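Report on the structure given below.
The values are calculated or read from the model by the stated rules, or taken from the named source; none is laboratory data. The structure displayed is predicted, hence computed values, not measured ones. Cβ placement follows ideal geometry from the backbone for every residue including glycine, while neighbour counts extend to all protein chains displayed. We work out accessible area using only protein heavy atoms, side chains counted, and drop any ligands, DNA or RNA first. Shrake-Rupley method; radii C 1.70, N 1.55, O 1.52, S 1.80 Å.
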Amino acid sequence: MLMKNVTFSKDYDKTLKLRCLWFGAMLAIGLVGFACYFFLVPQSNLGDHAKGFYLGAASGITVAAVFFLVRTQYLMSHPEAKRKARIEETDERQQKIVGGAAQFAGLFTFYAAALALFVLLPLSLHAYYALLGVLAVYALSFVAANLWLSKKL
Amino acid sequence: MTNRIAELRKARRISQAELADAVEVTRQTIISLENGRYNASLLLAHKIAQYFGLTIEDVFLFEEDTPC
């Protein structure tokens, strides 16, 4: 039973299929961005910056989605490449490194944002509220994740 | 916690890459385990011990079991 759980191949296949769906959704977002750029933006009175944003964001999202879709399809049809990718992605040391780095980055960002609140308040009330909102979302998502993981583990 | 992975691996003339491939981790993980920079999870410890045909206690030595 233990060794059966150790073998991730079946789960990884599911993971790859799920990724295809996500990248497909990402591709749809990019295509919607292009459609907006070609059909809606010309009739609007948006500035050059906003028009550039539509084209840039749509191009970036579409290219990234196509790249990851092709890569995922390649992994699904090449067992040896899939095995190597699975080992790299499920390597426990690597996961610990990523988890530790994410924890550090989250904590650092939180402290930096808290510090920035003091600087922002006299400069811009809108920016202050925006940053305060980000910190509130961070704190709430931390509490929610903590509760969920406490029940799960 | 220390381990005998390097010793066992060398005795069996197995490369780090071969061991890593067999227990499905990266070679860097084997290197870190052998250097004592990283402690394996129970699952990985089980896989490594099983690969060598030994028990976890034979491969991984907890501090109080480590010979002085």
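Within the stretch B:17-31, being surrounded by fewer than 18 Cβ atoms within 10 Å (Cβ to Cβ) and within 10 Å of the chain's Cα centre (by Cα) holds for one residue alone: B:Ile31. Regarding the stretch A:48-70, can at least one residue be identified that is open to solvent by 50 Å² or more (accessible area, probe 1.4 Å), within 30 Å of B:Arg27 (Cβ to Cβ) and over 17 Å from the mean Cα position of the chain (by Cα)? Looking through the stretch A:48-70, at least one residue is open to solvent by 50 Å² or more (accessible area, probe 1.4 Å), within 30 Å of B:Arg27 (Cβ to Cβ) and over 17 Å from the mean Cα position of the chain (by Cα).
Given the residues A:Thr72, A:Thr109, A:Thr62, which is the only one that is of a type in the set (Ser, Thr, Tyr) and touching a residue at least 40 places away in the same chain (Cβ under 8 Å)?
Working: A:Thr109 fails: touching a residue at least 40 places away in the same chain (Cβ under 8 Å); A:Thr62 fails: touching a residue at least 40 places away in the same chain (Cβ under 8 Å).
Only one candidate passes the filter, namely A:Thr72.
For the stretch B:1-31, a residue qualifies if it is in contact with a strand residue (DSSP E or B) (Cβ under 9 Å, 6 or more places away or on another chain) and either assigned to a loop (DSSP other than H, G, I, E, B) or within 13 Å of another protein chain (Cβ to nearest Cβ) (or both), and the qualifying residues are B:Met1, B:Arg4.
Of the residues making up the stretch A:80-98, those that are buried (at least 17 other Cβ atoms within 10 Å of the Cβ) and not β-branched (Val, Ile, Thr) are A:Lys82, A:Ala85, A:Arg86, A:Asp91, A:Arg93. Consider A:Val143 carefully, then state whether it is more than 30 Å from B:Leu33 (Cβ to Cβ), surrounded by 12 or more Cβ atoms within 10 Å (Cβ to Cβ), at pLDDT 95 or above and not small (Gly, Ala, Ser). Here the answer is no, as A:Val143 does not meet what is asked. If the condition is being of a type in the set (Ser, Thr, Tyr), in a loop (DSSP other than H, G, I, E, B) and buried (at least 16 other Cβ atoms within 10 Å of the Cβ), then the stretch B:32-56 contributes only B:Tyr38. Restricting A:Leu46, A:Leu40 to those that are outside any helix (DSSP H, G or I), over 24 Å from B:Leu43 (Cα atoms) and not charged (D, E, K, R) reduces the list to A:Leu46.
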